[in-house]
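K.L.:
A single structure is presented below for examination.
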Amino acid sequence: MDLYQILTMHNRPWSIREIVVFVFFLAVVAGFLLLRLKTHRITKGQAVAGLALYGFLGIVFASTVFTRTPGNRAYELLPFWSWREILFHQDWSLLQENVLNIILFVPIGILLFPLLRKITWKSALIIGLAISALIETSQLILCRGLFEWDDMIHNTLGCVLGYLVASQLLQKRCGRKVK
């Protein structure tokens, strides 16, 4: 299953109400960032990173929670169950899902780096885990997917990898020491 099939099979188009809510909160976030920019509390780069992060998170939450068709409450509480299936039953579709869950959060880690100037990899880990836990908990409560620890682990790993990529690029480009 390719990425296009995943998006079209698991997600319905956004409703007018969802678009209005997204745009409303985009305006609120943009206004907040503009105010912080005008008072010199953030840089233009931080404002752009903040808007990009909001937009990306909106798309992630839409595709993982809000545009999914409600179903039954489902959960898998055994950590690393997907890796057992991959190793013992050669379930390559689960391997693909695991890799896609890692890749999904890489942009979040990349955007955190310019947004939060003094972020460490531990902070990126906590933020990635918190966002992923919010997604998984929303899926469980709203019956819109499978709640599983594996997704939280893979998403968090992706966020940290994104942070590490951004920190290495910045370190090479600007000579800034990264924690």
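K.L.:
Looking at Phe88, Phe66, Phe61, Phe113, which one is in contact with a Lys or Arg (Cβ under 8 Å, 6 or more places away or on another chain) and on the phi < 0 side of the Ramachandran plot?
P.N.:
Within the list Phe88, Phe66, Phe61, Phe113, the selection yields Phe66.
K.L.:
Checking the condition over 27 Å from Ile19 (Cβ atoms), out of contact with any helix residue (DSSP H, G or I) (no Cβ under 7 Å at 6 or more places or on another chain), among the aliphatic types (A, V, I, L, M) and surrounded by 15 or more Cβ atoms within 10 Å (Cβ to Cβ), which residue from Ile102, Ile153 passes?
P.N.:
Details: Ile102 fails: out of contact with any helix residue (DSSP H, G or I) (no Cβ under 7 Å at 6 or more places or on another chain).
The unique qualifying residue is Ile153.
K.L.:
So, one more: Check whether at least one residue in region 57-76 is closer than 18 Å to Val165 by Cβ, buried (at least 16 other Cβ atoms within 10 Å of the Cβ), of a type in the set (A, V, I, L, M, F, W, C) and at pLDDT 95 or above, and report yes or no.
P.N.:
No.
K.L.:
A further question on this structure: Of everything in region 128-141, what is of a type in the set (A, V, I, L, M, F, W, C) and closer than 21 Å to Phe56 by Cα? Give them in sequence order. If you could, list the steps in order and put the result at the bottom.
P.N.:
At the first step, the residues of region 128-141 found to be of a type in the set (A, V, I, L, M, F, W, C) are 129-131, 133-135, 140-141.
If the condition is that a residue be of a type in the set (A, V, I, L, M, F, W, C) and closer than 21 Å to Phe56 by Cα, then Leu129, Ala130, Ile131, Ala133, Leu134, Ile135 are the ones that fit.
K.L.:
What are the residue pairs meeting all of these: first residue in region 115-139, first residue acidic (Asp, Glu), second residue in a helix (DSSP H, G or I), Cβ atoms under 8 Å, and 6 or more apart or on different chains?
P.N.:
Within 8 Å, the pairs are Glu136/Asp151; Glu136/Met152.
K.L.:
Moving to a separate point now. Among the residues that make up region 106-121, is at least one of them of a type in the set (Val, Ile, Thr), farther than 25 Å from Ile86 by Cα, touching a Phe, Trp or Tyr at 6+ places or on another chain (Cβ under 8 Å) and buried (at least 21 other Cβ atoms within 10 Å of the Cβ)?
P.N.:
Narrowing region 106-121 to residues of a type in the set (Val, Ile, Thr): 106, 108, 110, 119-120.
Going one step further and asking which of them are farther than 25 Å from Ile86 by Cα, we end up with 108, 110, 119-120.
From the residues that got through so far, the ones that are touching a Phe, Trp or Tyr at 6+ places or on another chain (Cβ under 8 Å) too are 108, 110, 119.
From the residues that got through so far, the ones that are buried (at least 21 other Cβ atoms within 10 Å of the Cβ) too are 108, 110.
Looking for residues that are of a type in the set (Val, Ile, Thr), farther than 25 Å from Ile86 by Cα, touching a Phe, Trp or Tyr at 6+ places or on another chain (Cβ under 8 Å) and buried (at least 21 other Cβ atoms within 10 Å of the Cβ), one finds at least one in region 106-121, hence yes.
K.L.:
On to the next question. Do we have Ser93 as of a type outside the set (Phe, Trp, Tyr) and either out of contact with any helix residue (DSSP H, G or I) (no Cβ under 7 Å at 6 or more places or on another chain) or at pLDDT below 95 (or both) here?
P.N.:
On the way: of a type outside the set (Phe, Trp, Tyr): yes; either out of contact with any helix residue (DSSP H, G or I) (no Cβ under 7 Å at 6 or more places or on another chain) or at pLDDT below 95 (or both): yes.
So Ser93 passes the test.
K.L.:
Sort out which residues of region 20-58 are of a type outside the set (A, V, I, L, M, F, W, C), part of a helix (DSSP H, G or I) and over 21 Å from Ile127 (Cα atoms), and write them in order of number. If you could, list the steps in order and put the result at the bottom.
P.N.:
Kept after step one, since they are of a type outside the set (A, V, I, L, M, F, W, C), are these residues of region 20-58: 31, 36, 38-41, 43-46, 50, 54-55, 58.
Restricting the remaining residues to those that are part of a helix (DSSP H, G or I) gives 31, 36, 38, 44-46, 50, 54-55, 58.
The answer is Gly31, Arg36, Lys38, Lys44.
K.L.:
A further question follows. Looking only at region 77-98, which residues are assigned to a helix (DSSP H, G or I) and without any contact (Cβ under 8 Å) to a residue 40 or more places away in the chain? I'd like the intermediate steps shown before the answer.
P.N.:
Residues of region 77-98 assigned to a helix (DSSP H, G or I): 81-89, 92-98.
Those that are assigned to a helix (DSSP H, G or I) and without any contact (Cβ under 8 Å) to a residue 40 or more places away in the chain: Arg84, Glu85, Ile86, Leu87, Phe88, His89, Trp92, Leu94, Leu95, Glu97.
K.L.:
Is one or more of the residues making up region 129-146 at pLDDT below 95, outside any helix (DSSP H, G or I) and crowded, with 20+ Cβ neighbours inside 10 Å?
P.N.:
yes
The values are calculated or read from the model by the stated rules, or taken from the named source; none is laboratory data. Just so it is clear, the model here is predicted, and its values are computed rather than measured. Please note: Cβ atoms are built from the backbone with ideal geometry, for glycine as well, and neighbour counts cover all protein chains shown.
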